[in-house]
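The values are calculated or read from the model by the stated rules, or taken from the named source; none is laboratory data. In this text the structure is predicted, and so the values were computed from the model without any measurement. With ideal geometry, Cβ positions are generated from the backbone for all residues, glycine too; neighbour counts draw on all protein chains shown. Accessible surface areas use protein heavy atoms only, side chains included; no ligands, DNA or RNA. Shrake-Rupley method; radii C 1.70, N 1.55, O 1.52, S 1.80 Å.
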Amino acid sequence: MLQNIFQFLITGLTVGSTYALIALGFTLIFNVSHVVNFAQGEFVMLGAMAAIFFSGLKMPLFLAIILAIILTTFIGILFEKFAIERAKGASLTSLIIITIGASIFFRGLALVLWGKNTLSFQHFSGENPIRFLGATILPQHLWIISLTAIVVTVLAYFFSKTLFGKAILACSYNNKASKLIGINVNLMLVVSYGISAGIGALAGALIAPISYMSYDAGTMLGLKGFCAAILGGMGNSFGSVLGGLILGVVESMTSGIFSSAYKDAVSFIILLLLLFVRPQGLFGKGVSERV
Amino acid sequence: MKRRAGFFVFATVLLILPLIFKDSYFLTVTGTTALFNACLAISLNLFMGFSGQVSLCHAAFYGIGAYSNAVFTTTYHFNPWISTIAGLFITGSISFILARPILKLKGHYLAMATLGLGIIIHIFFVQADNITKGPDGISGIPNLMFGKINIKGDATWYYMASLLTIFYTWLSLNLLDSRTGRALKAIHDGETGAQVSGIDTDKLKADVFVLTAMMASLAGSLLAHKEGFISPESFNLQFSVELLTMIVIGGLGSIFGSLFGAVFLTSLPEFLSKFEDFEMLVYGLILIATMIFMPQGLYVGISRFFTGILKKLIKKDE
């Protein structure tokens, strides 16, 4: 039993890591532009599909993944430039509908480019399982967990130590004040969408070997990322990473111990119950309402 | 009477259309679907557009109504009307129990909570196969009967859907024109302000949530008999999002806007189907473009566009 629990914990942390990456992307865009980006899951799907496509062209694996991330980052930038920036001054609901439109558009794009088939992706370094404390760990699990840790560290460094990162952070605190002290807010928006799309693409390339990928697989992943971001307290990057890990572990435990049929339902039930008790998420600060 | 002029024109046009376009497939098939969606959009708009809340589980309530009629009439051989009342009762109870804790939430948290509720109900439709027959859905749902009159055929259902749409429009317009409607608008403009002026906002929000959920459920009950077959796919999150899109594209807070949005987005795929694989691509682009160029929605956008042209013409004459 204990072995099983350890196994579920490892699988949960693996899936949770990808949720954490997706949630980070959500949080970044939300903080800078206050938009809930419903196309976040589609960045994940595009990253995975592009990586599969490039590696199919007999490219070395890591080149394929890097190209996929660059391509998706570029798409994220175009999305900001041609949709979000154009709609300046539109209400938040309109902006959300734009991201919904974009998610449908990206799905359509993937459908045209790669068809309706479910594609598989090679494991980064073989599929020989490592046995550890009675649990079976795939090398891919280690790749996912360690790369997520690296990305989170790099981002933490970027936002706390570099001038550029601090400028983005400043925009997320106060858009107008940042403009006044000479920060190019538009550029920061573009960069944030780019980074967010890039992180999403990496998450996609990482999860594709274990969960397969198709043009419509992004939606559920995006929802889980949104769920993780809310769980951690919307807008809190640290919280969204923890939210992702918690969501992954809870999901894997419940589907392992009870039944996998209601796996998705369980995570949403937990989320609902949590929101009833703590409406601001696990790590969100309660805000007093201004009248 | 004068205030309702638009409503009477609309109702008359809706009922006369089949006489003008005789045996039109587009009108009786796509049109009927569009009217069902319009009913859902109107009820969702009542909750979202006027009281300023967010709901992403409207399709699930529609589904409860549909499943109630499907299950009770096929498995237990209940009368369709009793099944409809049962559906209303189930939807009413679920939304009543959950309304207060869910509506305590605001903004993105509210969106996430309603989205979660919608997904949970949808998973139930898919997984509880001893009741709902799982992903395959339920077929062989009997026809609806008014006494001895059998309701079947596309044209008859067009009239049924029209009557329901007219009823919902009338209900919404009257509700908005009452004390309750004004209280709702007050919540939209500022909840604290509404509380200060003596409105029990928690109760009102919950009441409207339950009412609109039951409106969706009633439409669902009828849909089950119209189709004769239902499956979980019709009531998933995508459909809830599509309903949201309809009311935003039409214009939040405008009843006729919702009608317009529903008709527009329901018939759009019919026109786009010749694009085949590119259909989704174009659909997405149209959504984005509409929101960029007409952020207040098509209904407001287009009417402003035409009044703009009219004004220019008048100026030219001068």
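With each label point set 7 Å from Cα along the Cα-Cβ vector, what nm distance links A:ASN4 and B:SER93?
Going by the 7 Å Cα→Cβ label model, 3.4 nm.
Tell me, rounded to the nearest percent, the portion of alpha carbon pairs in the protein assembly as shown spaced more than 31 Å apart.
On the way: 98346 of 185136 pairs.
Considering the protein assembly as shown, 53 percent of its Cα-Cα pairs are separated by more than 31 Å.
If you count, for every residue in B:110-117, the Cβ atoms of partner chains within 10 Å of its Cβ, what is the mean? Numbers along the way, then the final one.
On the way: counts 2, 4, 13, 8, 1, 6, 13, 4.
For this peptide, the per-residue mean of nearby foreign Cβ atoms is 6.
Please give the direction-averaged projected area of the C-alpha convex hull for region B:118-245, in square nanometres with one decimal.
Across all orientations, region B:118-245 yields a mean hull projection of 10.4 nm².
Show me you know the interface measure: the accessible area buried between A and B, both chains summed, probe 1.4 Å, in Å² to the nearest 100. Please report the intermediate quantities before stating the final value.
Values: alone 14530 and 16630 Å², together 27470 Å².
Protein heavy atoms only, the A-B interface buries about 3700 Å².
For n ≥ 4 DSSP H runs only, could you compute -39500 (n - 2.57) per run for chain A, divide by its residues and tell me the 222 nm figure to the nearest 500?
Working: 11 runs with 209 residues, N = 291.
Dividing the helical sum by the residues of chain A leaves -24500 deg cm²/dmol.
Report the extension gain between A:ASN184 and A:SER125 in nm, rounded to one decimal, defined as 0.36 nm multiplied by the number of residues separating them, less their alpha carbon distance.
The span from A:ASN184 to A:SER125 would gain 17.0 nm if fully extended.
State, to one decimal in nm, how far the label point of B:ILE151 lies from the label point of B:ASP207, with both points 7 Å from Cα in the Cβ direction.
2.8 nm
List the aspartates and glutamates whose alpha-carbon lies under 17 Å from that of A:LYS116, not counting same-chain residues fewer than 8 positions away?
Of all the aspartates and glutamates, those that pass the test against A:LYS116 - Cα under 17 Å, at least 8 places apart if same chain - are A:GLU42, A:ASP216, B:GLU276, B:ASP277, B:GLU279.
From the backbone phi of region A:41-57, what are the Karplus-calculated ³J(HN,Hα) couplings (6.51 cos²θ - 1.76 cosθ + 1.60, θ = phi - 60°) in whole Hz, Gly and Pro given as x?
x, 6, 4, 4, 5, 4, x, 5, 5, 5, 4, 4, 4, 5, 6, x, 8
Test of understanding: what is the full-extension gain from B:LEU15 to B:SER197, defined as 0.36 nm times their sequence separation minus their Cα-Cα distance?
61.3 nm
Please list, in chain and number order, the residues 5+ apart from B:LEU144 or on another chain whose amide H is under 5 Å from its amide H, with Hs placed from the backbone.
Result for B:LEU144 returns B:ILE151.
Need one number: nm distance between label points at A:LYS81 and B:SER303, each 7 Å from Cα along Cα→Cβ, rounded to one decimal.
Placing both labels 7 Å along Cα→Cβ, they lie 3.8 nm apart.
Please give the average number of partner chain Cβ atoms lying within 10 Å of the Cβ of each residue in B:271-282, rounded to a whole number. Walk me through the intermediate numbers first.
Details: counts 0, 0, 0, 0, 1, 1, 6, 4, 4, 11, 9, 3.
Per-residue shielding by partner chains comes out at 3.
Find, to one decimal place in angstroms, the Kirkwood hydrodynamic radius of region A:34-187, where the mean of 1/r is taken over every pair of different Cα atoms and then inverted. Numbers along the way, then the final one.
On the way: mean 1/r = 0.0542 Å⁻¹.
By the Kirkwood definition, the hydrodynamic radius is 18.4 Å.
Calculate what fraction, in whole %, of the accessible area of chain A sits on carbon and sulfur atoms when a 1.4 Å probe is rolled over the protein chains.
Numbers: 8710 of 12740 Å².
Here carbon and sulfur together make up 68 percent of the probe-accessible area.
Let me check I have the definition right: for region B:5-235, take the eigenvalues of the Cα gyration tensor, multiply each by 5, take square roots. What are those semi-axes in whole Å, largest first?
Three semi-axes, in Å: 30, 24, 14.
For region A:5-49, what class follows from the C-alpha gyration tensor (a ≥ b ≥ c being the square roots of its eigenvalues): rounded when a/c is under 1.5, otherwise prolate if a/b is larger than b/c, else oblate? Show your work: numbers first, answer last.
Numbers: a/c = 4.19, a/b = 1.87, b/c = 2.24.
Because a/c hits 1.5 or more and a/b fails to exceed b/c, region A:5-49 counts as oblate.
If amide H atoms are built 1.01 Å from N in the plane of the peptide, which residues on other chains or at least 5 residues away come under 5 Å of the amide H of B:CYS57?
none
Excluding residues fewer than 8 places away in the same chain, name every one of the lysines whose C-alpha is closer than 16 Å to that of B:LYS106.
Hits, sequence-local ones excluded: A:LYS285, B:LYS203, B:LYS205.
When you count, for each residue, the other Cβ atoms within 10 Å and take the mean per peptide, how do A:35-44, A:1-10, B:269-278 rank with the highest first? Please report the intermediate quantities before stating the final value.
Working: A:35-44: 28.7, A:1-10: 14.3, B:269-278: 11.9.
The packing order, highest mean first, is A:35-44, A:1-10, B:269-278.
In region B:5-235, carbon and sulfur make up what percent of the accessible area (probe 1.4 Å)? Walk me through the numbers before you get to the answer.
Values: 6420 of 9630 Å².
Taking all protein chains in place, region B:5-235 shows 67 percent carbon and sulfur surface.
For the peptides B:142-152, B:60-70, B:180-190, B:290-300, what is the packing order when you average, over each peptide's residues, the other Cβ atoms within 10 Å and list the highest mean first? Please list the in-between numbers first.
Values: B:142-152: 12.5, B:60-70: 29.6, B:180-190: 16.9, B:290-300: 20.7.
My ranking of the peptides, most packed first, is B:60-70, B:290-300, B:180-190, B:142-152.
Only four residue types carry charge here, +1 at the Cβ of Lys and Arg and -1 at the Cβ of Asp and Glu. Report the dipole size of chain B about the Cα centre in Debye, rounded to the nearest 20. Show your work: numbers first, answer last.
Details: 22 positive and 19 negative charges, 227 e Å.
Around 1100 debye, computed over chain B.
Would you please give the FRET efficiency between B:LYS311 and A:ALA149, computed as 1/(1 + (r/R0)^6) with r the Cβ-Cβ distance and R0 = 51 Å, to the nearest 0.05? Display every interim value, and only then the final one.
On the way: r = 62 Å, r/R0 = 1.21.
Using R0 = 51 Å, I get an efficiency of 0.25.
Give the aspartates and glutamates whose C-alpha is closer than 16 Å to that of B:LYS226, dropping any in the same chain fewer than 8 places away, or say none.
Hits, sequence-local ones excluded: B:ASP154.
For A:SER211 and B:ILE131, FRET efficiency with R0 = 45 Å and r from the beta-carbon atoms, rounded to 0.05?
On the way: r = 30 Å, r/R0 = 0.66.
With a Förster radius of 45 Å, E is 0.90.
Residue by residue, what Karplus-based ³J(HN,Hα) values in Hz, rounded to whole numbers, does region A:184-201 have, using 6.51, -1.76 and 1.60 with θ = phi - 60° and x for Gly and Pro?
7, 4, 4, 4, 4, 4, 4, 4, 4, 4, x, 4, 4, 5, x, 4, x, 4
Set the Förster radius R0 to 60 Å, insert the Cβ-Cβ distance between B:THR30 and A:LYS161 as r into 1/(1 + (r/R0)^6), and round the FRET efficiency to 0.05.
Values: r = 58 Å, r/R0 = 0.97.
Plugging the Cβ-Cβ distance into 1/(1 + (r/R0)^6) gives 0.55.
Which whole-Hz ³J(HN,Hα) couplings does region B:111-124 yield from phi under the Karplus relation 6.51 cos²θ - 1.76 cosθ + 1.60, θ = phi - 60°, glycine and proline marked x?
Coupling constants for region B:111-124: 4, 5, 5, 5, 4, x, 4, x, 5, 4, 5, 5, 4, 4 Hz.
Along the three principal axes, how long is region B:180-259 when you take its alpha carbons, biggest first, rounded to the nearest angstrom?
49, 25, 21
Please give the average number of partner chain Cβ atoms lying within 10 Å of the Cβ of each residue in A:274-283, rounded to a whole number. Don't skip to the end; give the middle numbers.
Details: counts 1, 9, 7, 1, 1, 7, 3, 3, 0, 0.
The mean count of partner-chain Cβ atoms within 10 Å per residue comes to 3.
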